[in-house]
Amino acid sequence: MPDPLLAITMGDPAGIGAEVVVKTLSDATVYSGARLFVIGSADCLRLAMQQTGIELPVAVCHTTREITAQPGLIQVLEPFEFNLEKLTQGQVNADCGDAAVQYFESAVNLALQEEIQGVVTCPINKEAVHAAGYHGDIGHQEILARMTRAGLTATMLMTTGLKVAHLSTHKSLAEAVKYVKTPVLIEKLSLTAGHLRTWTGREPCIAVAALNPHGGEGGMLGREEIDEIIPAVEQAQAIGLNVVGPYPADSIFYRAVAGEFDAVMALYHDQGHIAIKMHDFADSITATMGIPFIRTSVDHGTAFDIAGKNQADAKGLARALTAAVEMMNGTLT
């Protein structure tokens with residue numbers, strides 16, 4: 001059987017996506033276990049090679065049937081021809097936002113048609129996406145939910161020694177607190193356990209973070225633990241999930257890194273993201289749960305401040321590719 005096809009979406013042309021792609025694909029070892037190709041702009045990739053001093057041949061393909069296993073050759077599917085005259089690196093641009101969405105939508109369609117087995121994404125810029133008229137799509141996860149019609153999705157961040165699922169991501173803090181409800185927690189815990197079971201080949205232990213300082217101090221600092229979180233943990237245990245907590249957020253991530261838990265359920269965006277990025281930002285990646293194919297991503301943004309300057313770190317994309325292959329094989333560590 002041939003290795004699975006993995007699409008790398010280039011992300012916003014004005015950001016560092018093209019740079020991290022060419023840096024990553026210049027290392028032949030990243031091709032292990034997958035046939036890799038890019039959905040994006042061949043001209044943007046050639047520009048990135050000029051700016052980084054990397055020399056690799058680029059082949060524009062028209063269908064996935066043309067993709068072959070050729071380390072050292074960047075194979076590109078172009079949904080449309082991007083005009084480099086519209087590109088100013090490091091600036092928000094509606095044309096670039098539109099291109100980033102089209103690259104990703106093309107990849108999702110290929111995955112839904114089962115022409116490819118997974119998608120690895122470079123960053124898009126939310127302001128540029130909004131400027132392009134995509135007002136309902138805040139980021140990749142919202143586009144995925146729309147296109148796959150998934151009723152329940154969730155984000156997991158991963159880095160060396162730490163995995164963190166998120167009850168919510170793109171919600172204001174006030175809305176995120178309102179979202180901490182027993183039924184939602186049970187759904188997300190079940191989703192997380194199921195994906196980790198498939199990705200790692202073992203039954204995971206998931207620890208739930210508390211919402212309030214010191215876990216609420218018996219209700220003195222908030223009742224969410226008593227009214228919503230503890231009942232969710234108990235009900236999850238009753239249906240056979242290995243779930244523990246809630247534990248105060250100021251210690252739970254340290255305990256997870258020490259090996260006490262396989263993953264942590266964070267209750268809002270920054271609670272989990274800060275822990276991951278403080279622990280090992282350069283090697284951190286994102287995975288989406290609740291969709292019918294593998295999707296991983298770098299965990300950094302478009303980094304407009306360094307776009308075109310040959311300063312981007314490509315470790316995250318290499319790790320996202322490796323993780324995608326491991327997930328497919330059920331060997332994620």
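The values are calculated or read from the model by the stated rules, or taken from the named source; none is laboratory data. Remember, it's a predicted structure, so these values are computed and weren't measured experimentally. Virtual Cβ from ideal backbone geometry, glycine too; neighbours counted across all protein chains shown.
A few comments on the model shown:
- Among the residues of the stretch 152-168, the ones that are buried (at least 16 other Cβ atoms within 10 Å of the Cβ) and not in a strand (DSSP E or B) come to 3 in all.
- Subset of the stretch 93-116 [surrounded by fewer than 20 Cβ atoms within 10 Å (Cβ to Cβ) and over 18 Å from PHE80 (Cα atoms)]: LEU112, GLN113, GLU114, GLU115
- Residue, nearest to MET265 (Cα to Cα), within the stretch 289-320, restricted to residues that are under 11 Å from the mean Cα position of the chain (by Cα) and among the aliphatic types (A, V, I, L, M): MET289
- Some residue of the stretch 184-200 being outside the structural domain of GLY316 (by TED's automatic domain parsing), outside any helix (DSSP H, G or I) and of a type outside the set (Lys, Arg): no
- Single condition LYS171 does not satisfy, out of (1) surrounded by fewer than 18 Cβ atoms within 10 Å (Cβ to Cβ); (2) assigned to a helix (DSSP H, G or I); (3) at pLDDT below 95: (2)
- Looking across GLY53, GLY90, GLY97, one residue alone is over 15 Å from CYS122 (Cβ atoms), under 23 Å from the mean Cα position of the chain (by Cα) and not basic (Lys, Arg). It is GLY90.
- Flag set for PRO2, criterion: more than 22 Å from PHE82 (Cα to Cα), part of a loop (DSSP other than H, G, I, E, B) and either in contact (Cβ under 8 Å) with a residue 40 or more places away in the chain or of a type in the set (D, E, K, R) (or both).
Yes/no matrix, rows are residues, columns are (1) among the aliphatic types (A, V, I, L, M); (2) crowded, with 22+ Cβ neighbours inside 10 Å; (3) closer than 28 Å to HIS130 by Cα; (4) modelled with pLDDT of 95 or more:
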| site | (1), (2), (3), (4) |
| --- | --- |
| GLY33 | no, no, no, no |
| CYS44 | no, yes, yes, yes |
| GLN51 | no, no, no, yes |
| THR64 | no, no, no, no |
| PRO71 | no, no, no, no |
| PHE80 | no, no, yes, no |
| GLU85 | no, no, yes, no |
